[in-house]
Amino acid sequence: MLDCDMYCNDPTSVRQAMCYYCDPQTPSIAFVQFPQTFRNICQDDIYDSQIRNVFKIRWHGFDGVGGPTISGSNLYIKREALLGSFSKQQELVALKRSFGPSNDFIKTLVEDYKPGFIHDGESSRMLLEKANVLASCSYENQTSWGSTVGFLYFCVVEDYFTGFSLHRKGWKSVYLYPKKPQFLGTAATNFNEVSIQWTRWASGLTSVAISKFCLLIYGPLKMSWVQFMCYSELAFMPLLNCLSLWGFAFIPQLCLFNDIPLYPKVSDSSFNIFLIIFLSAILKSLYEVVTTGGQVR
């Protein structure tokens, strides 16, 4: 699965992913996730366009507790996990109700399906027409696509919600981070693009957190509690961060208008508290940058 602004930089990525799928000790692997790496990031990445905190820190930890969530792009996913498993005995009408009217697509769902080869132009033209119907935006109407089949369209972060649903059912995932970038793409590199991108992510995560699928209610079914805590931290992160942002937006102005000192004087004993908080935040950020290959500058 690839976003439109990403491309495969190393065709051996599929072979690396298949190593996990072919391992008999890991039959429940739903998808193998690669990091998002970008070719248009300058040396001074002041907006963290490479999303260092996610792909170089969090997802490695996520990988140790059942695997990370789907990251939107750069992954190989098992079709059984995304669509389910089927047999020839199931009624064609029921399958069409879920997957749409394409007979050719429904044929590919059974486990013993073997693709054929087309040798004449007329058959090729007919197949292309059927593919155009299958790829049209209206094909999903009156079907189960987006609700129980494929990616779940409940919110704008369908990758997070779909990954959470798969892990909740007992599927596992793998985070694979080779030295050579397996996929490359373009990232947001200015403040306007980055703010729009993060606003979309934050609104999508918040819509899950305050919906009927709230993790505190929906809860883990076959997911470990540690993995559940990781998912919960992601979902509620925008709600927690907004408190500090609103504080930065209002408190300094209120103090200024009412002639109230915002920070204590250096000579005050309470100044040490502010100093420790400030330095610890800066050092934590610096530590993340340096340990993930970034520069102090």
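The values are calculated or read from the model by the stated rules, or taken from the named source; none is laboratory data. On a predicted model such as this, the values are computed, not experimentally measured, just so you know. Virtual Cβ from ideal backbone geometry, glycine too; neighbours counted across all protein chains shown. SASA here: full protein model, heavy atoms, side chains in, ligands and nucleic acids out. Shrake-Rupley method; radii C 1.70, N 1.55, O 1.52, S 1.80 Å.
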Can you work out the FRET efficiency for the pair Q90 and Q43, with r the C-beta to C-beta distance and R0 = 51 Å, to the nearest 0.05?
0.35
Based on the Cβ-Cβ distance from N258 to D10, what FRET efficiency comes out when R0 is 45 Å, to the nearest 0.05?
0.15
How large is log10 I(q)/I(0) at q = 0.09, 0.14, 0.16, 0.21 Å⁻¹ when the Debye formula is applied to the Cα atoms of the range 66-175, each weighted equally and without solvent?
-0.29, -0.70, -0.88, -1.25
Which order do F34, F105 take by accessible area at a 1.4 Å probe, largest first?
F105, F34
K180 - accessible surface, heavy atoms, 1.4 Å probe, Å² rounded to 10:
110 Å²
Rounded to the nearest 0.05, what FRET efficiency do K169 and R297 give with R0 = 35 Å and r taken as the Cβ-Cβ distance? Could you check?
0.15
Just read off the accessible area of I251 with the full protein assembly in place, 1.4 Å probe, to the nearest 10 Å².
90 Å²
Positive end of the dipole of the range 85-148, charges at C-beta (+1 Lys, Arg; -1 Asp, Glu), about the Cα centre: which of M126, V93, V110 has its Cα farthest in that direction?
V93
So for the range 116-210, what percent of the C-alpha to C-alpha distances run longer than 15 Å?
77 percent
Which links in K56/K265; K96/K172; K130/K179 stretch past 32 Å when you go from one Cα to the other?
K56/K265; K130/K179
Accessible-area order (highest first, 1.4 angstrom probe) of the listed residues T291, T162, T12:
T291, T12, T162
Per 0.36 nm of contour for each residue apart, how much would the distance between V110 and M237 grow if the chain were fully extended, relative to their Cα-Cα spacing?
41.7 nm
Once each part is reduced to its C-alpha centroid, what is the distance from the range 1-77 to the range 152-182 in angstrom?
9 Å
Each label sits 7 Å from Cα toward the beta-carbon; between K284 and W246 the label points are separated, in nm, by 2.1 nm
Sorted by mean Cβ packing within 10 Å, highest first, what order do the peptides 212-219, 153-160 take?
153-160, 212-219
Treating only Lys and Arg (+1) and Asp and Glu (-1) as charged, each at its beta carbon, one finds that the chain has a dipole about its Cα centre, in Debye to the nearest 20, of 560 debye
Starting from one equal scatterer on each C-alpha and no solvent at all, send me the Debye-based log10 I(q)/I(0) for the chain at q = 0.11, 0.14 Å⁻¹, two decimals.
-0.84, -1.26
